[in-house]
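Please read the structure below before turning to the comments.
The values are calculated or read from the model by the stated rules, or taken from the named source; none is laboratory data. Remember, it's a predicted structure, so these values are computed and weren't measured experimentally. So basically every Cβ, Gly included, is an ideal-geometry build from the backbone, and we count neighbours across all protein chains shown.
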Ligand SMILES: [Fe+2]
């Protein structure tokens, strides 16, 4: 059901977290403990824009991921792979004046979801736009990962071109680059989920 | 050319930005179509911003202002959902509100908080909450 335009709708504005939400060390997941984490150090950076191409400035980007062995430092993770005492796997930063973010981390390991299937290496991302309706939670993948072809969660995005936009470019030496384009809000809004 | 959403999964680490505070509390449960509680869902309210995860029985508690605006926007992320769901929690019923006016009474009722600041989210079933797409 289409609804009448409402320029006053709360969803057209959104929270602005400010510098207190992310300190300089929060974007480096390899320096959150006394020692260095196991695994391959990588950087992941990119730009956040809206669908008109405008940079999303000063907004919060959050990530969470498994360690190099494929284990989350989360009580719900039953994967027997070892925890790394030097890796928590959560980070956050604010985008700069051009909408850029940058994280230093280790490449997450693949992990089993049951006895048969494995999740490819991925980093969970949470992003805020200037409007609450632009809220995005998604997952970033690494180029060339053979597990991508059979991953049901990655393939939950049916459109191959859209699915490809979840895969970063680059390599461990130059760093991985992953740009994000936030959707919405539309001029019209509707009752009923997508 | 927008970036598609993916499920939040079970391992979101809350406690990321400050959870927000408020003198009053909104409480309720997130329920699936069969009426079972949905654990490890993440709820976010705006404005002001607040977030909380659900307990194993699907219950949540979110801080809200003592005198909230007529409604707060609620964004829900849960394991298995490919994208977030947006709804609204109405504390009062402004007679000229465009959304409430457009809804039939039974559907409208799913957006109204009860007097004790209780609000359940039904992801499906006969009492499914009204969800919005922007
Ligand atoms: Fe994951």
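Which residue, of A:5, A:75, is within 16 Å of the ligand (Cβ to nearest atom) and either surrounded by 12 or more Cβ atoms within 10 Å (Cβ to Cβ) or not in a strand (DSSP E or B) (or both)?
A:75
Please determine whether any residue of region A:149-160 is more than 11 Å from chain B (Cβ to nearest Cβ), in contact with a helix residue (DSSP H, G or I) (Cβ under 7 Å, 6 or more places away or on another chain) and within 16 Å of the ligand (Cβ to nearest atom).
No.
Condition check: under 26 Å from residue B:134 (Cβ atoms) and within 14 Å of chain B (Cβ to nearest Cβ). Does residue A:135 satisfy that?
yes
Please enumerate the residues belonging to region A:95-112 that are surrounded by 15 or more Cβ atoms within 10 Å (Cβ to Cβ) and within 13 Å of the ligand (Cβ to nearest atom). It would help to see each step written out before you state the result.
If we filter region A:95-112 for residues that are surrounded by 15 or more Cβ atoms within 10 Å (Cβ to Cβ), which is where we start, we get A:95, A:99-111.
Once the filter is applied, which keeps residues that are surrounded by 15 or more Cβ atoms within 10 Å (Cβ to Cβ) and within 13 Å of the ligand (Cβ to nearest atom), region A:95-112 yields A:108, A:109, A:110, A:111.
Name, by its number, the condition in (1) surrounded by fewer than 16 Cβ atoms within 10 Å (Cβ to Cβ); (2) not in a helix (DSSP H, G or I) that does not hold for residue B:106.
Answer for residue B:106: the failing condition is (2).
Okay, residues lined up against (1) surrounded by fewer than 21 Cβ atoms within 10 Å (Cβ to Cβ); (2) at pLDDT 95 or above; (3) more than 16 Å from the ligand (Cβ to nearest atom); (4) closer than 30 Å to residue B:90 by Cα:
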site	(1), (2), (3), (4)
A:9	no, no, yes, yes
A:34	yes, yes, yes, no
A:39	yes, yes, no, no
A:43	yes, yes, yes, no
A:57	yes, yes, yes, no
A:63	no, yes, no, no
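Please count how many residues of region A:113-128 are away from the ligand (no atom under 12 Å from the Cβ), touching a residue at least 12 places away in the same chain (Cβ under 8 Å) and more than 10 Å from chain B (Cβ to nearest Cβ).
1
Check whether at least one residue in region B:115-124 is within 11 Å of chain A (Cβ to nearest Cβ), surrounded by 14 or more Cβ atoms within 10 Å (Cβ to Cβ) and farther than 18 Å from residue B:9 by Cβ, and report yes or no.
no
Of all the residues that make up region B:60-88, how many are over 20 Å from residue B:32 (Cβ atoms), outside any strand (DSSP E or B) and within 9 Å of another protein chain (Cβ to nearest Cβ)?
So the answer is 1.
Within region A:33-46, can you find the residues that are more than 19 Å from the chain's Cα centre (by Cα) and either closer than 30 Å to residue A:181 by Cα or touching a residue at least 60 places away in the same chain (Cβ under 8 Å) (or both)?
Of everything in region A:33-46, those that are more than 19 Å from the chain's Cα centre (by Cα) and either closer than 30 Å to residue A:181 by Cα or touching a residue at least 60 places away in the same chain (Cβ under 8 Å) (or both) turn out to be A:37, A:38, A:39.
Looking only at region A:165-187, how many residues end up being facing chain B (nearest Cβ under 10 Å) and surrounded by 12 or more Cβ atoms within 10 Å (Cβ to Cβ)?
Taking region A:165-187 first, the residues facing chain B (nearest Cβ under 10 Å) are A:165-166, A:178-187.
Pick out the ones that are also surrounded by 12 or more Cβ atoms within 10 Å (Cβ to Cβ) and you get A:165-166, A:178-186.
Of the residues in that region, 11 qualify.
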